[in-house]
Amino acid sequence: MPQEKKRRTSVVQAGIGTDKAYKAVISPLYMSSTFEIAGIDQRSTYEYSRTRNPTRDELVNAISTLEHGIGGCVTASGMAALTLIIHLLNPDDLIIAPFDCYGRSYRLLCALSEKGHFKLEFIDQYDPATVEEAFKAKPKMMLIESPSNPVMRTADIAHITKCAKACGTIVAVDNTFLSPMLQQPLKLGADIVFHSTTKFLNGHSDVVGGCVVTSDKDILTDLEFWANSLGLIGAPFDSYMTLRGMRTLELRIHRAQENAQIIAELLDQHDKVDTVYYPGLPAHPGHEVAKRQQDGFGAMLSFEIKGAKQNTIDFVDHLEIFRLAQSLGGTESLINHPASMTHVSMGEEARAKAGVTDQLLRLSVGVEHIDDLCDDLTQALNKTG
């Protein structure tokens, strides 16, 4: 397990011992918006914090190391990360995205396409024949979200990137649900990987942020230009907090993943639950793909309550530990109703196609004791219907 050991050590050591001024073990927080320049003809690495900031650089360097990239940009949110990526496109360029992607990503892509920023097509990325047919149009960019939010479909990243290389398509992968501890899309052939660092990377539900990492020098140059020009950059304090949160990433995500597997199996056997969507279950359609390209099945899962929508409402109302809230990836366990929350902006027709029903619930499983989490879900299910 040398690679796992390297990743574990890398995330704990992120930003440790890099202070050249006073040898502080923990990297300092640089809040300054501007930096003194030695002279008119002498340029410095740091001059203005919109362009570059030492604390932000510490974070992007740490994430780039975990993702096997050469560099990237820290952004103000996950949506800012996506906004940055799609600024690589021109009006005649085609971007292909999954039909079941995150609701706000879906809406942003549609809105900008309608304004003529690029051409857009949504496809079923989980069918190899559909993927191969899509590349005949020679898209400029293929956007992947795997596992998908919220129905946990698993795209074969290696297959998609192989097809992309043949026609010069840029592949960008949203790795938010798994983090680089469980999946490294750049090693699977992707050109760009991005995150909402709000989620697992920070891990404590107290920062909103994003990041984009690439393995391509030319792409990195373009990303840095657009991040600086658009002002999409993340704040130094948010970067500092995210770096602090990342040092426990390996511990958090493995405990949460262990909990999620047990919960998925519990829900799968309960007579009040219709369908469980979790790649860790052998019956999941993407189970084999997930085993091949991931180092674990993650801490996210979704499931459908049997019966009418009122049963779903009653179930959520009876929960005591799981909190109904937006977002995911924190140490605490959360439950989300995608149809009325994270995916409402998609519109009813797109939600139906993606399988986002009124009975669907998404769990972000935390690091609490598994017995307490199982007891909470069981008691709420037993009081439902």
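The values are calculated or read from the model by the stated rules, or taken from the named source; none is laboratory data. Note that this is a predicted model, so its numbers are computed, not measured. Cβ coordinates were reconstructed from backbone atoms using ideal geometry, including for glycine residues, and neighbour counts include every protein chain displayed.
Numerical summary
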quantity	calculated
Candidate set from region 233-278 (those that are among the β-branched types (Val, Ile, Thr) and in contact with a strand residue (DSSP E or B) (Cβ under 9 Å, 6 or more places away or on another chain)); member that is nearest to THR154 (Cα to Cα)	VAL276
Subset of region 172-184 [touching a Pro at 6+ places or on another chain (Cβ under 8 Å) and not polar (S, T, N, Q)]	VAL173, PHE177, LEU178
Single unsatisfied condition, GLY296 versus (1) part of a loop (DSSP other than H, G, I, E, B); (2) over 17 Å from the mean Cα position of the chain (by Cα); (3) not basic (Lys, Arg)	(2)
Answer residue from region 215-229, given it is among the aliphatic types (A, V, I, L, M) and closer than 21 Å to PRO54 by Cβ and is surrounded by the fewest Cβ atoms within 10 Å (Cβ to Cβ) among those	LEU220
Residue within region 36-54 that is at positive phi, surrounded by 12 or more Cβ atoms within 10 Å (Cβ to Cβ) and either assigned by TED's automatic domain parsing to the domain that holds THR214 or at pLDDT 95 or above (or both) present	no
Options GLU368, GLU304, GLU320; residue that is under 27 Å from VAL207 (Cβ atoms), buried (at least 17 other Cβ atoms within 10 Å of the Cβ) and of a type in the set (Asp, Glu)	GLU368
Only listed residue being of a type in the set (A, V, I, L, M, F, W, C), modelled with pLDDT of 95 or more and more than 19 Å from the chain's Cα centre (by Cα), chosen from LEU84, LEU88, LEU59	LEU88
One residue from VAL207, VAL212, VAL193, VAL173 being crowded, with 24+ Cβ neighbours inside 10 Å, over 26 Å from GLY280 (Cα atoms), of a type in the set (A, V, I, L, M) and modelled with pLDDT of 95 or more	VAL212
Residue ranges of strands (runs of 3 or more DSSP E) in region 176-277 with at least 2 members free of Cβ contacts under 8 Å to residues at least 40 places away in the same chain	273-277
Count of region 115-144 residues which are farther than 17 Å from PRO91 by Cα, surrounded by 22 or more Cβ atoms within 10 Å (Cβ to Cβ) and in contact with a Lys or Arg (Cβ under 9 Å, 6 or more places away or on another chain)	1
Residues satisfying the stated conditions in region 201-232, i.e. within 13 Å of ILE85 (Cα to Cα) and among the β-branched types (Val, Ile, Thr)	VAL212, VAL213, THR214, ILE219, THR221
Selection count where residues are assigned to a loop (DSSP other than H, G, I, E, B), in contact (Cβ under 8 Å) with a residue 24 or more places away in the chain and of a type in the set (Lys, Arg), scope region 37-56	1
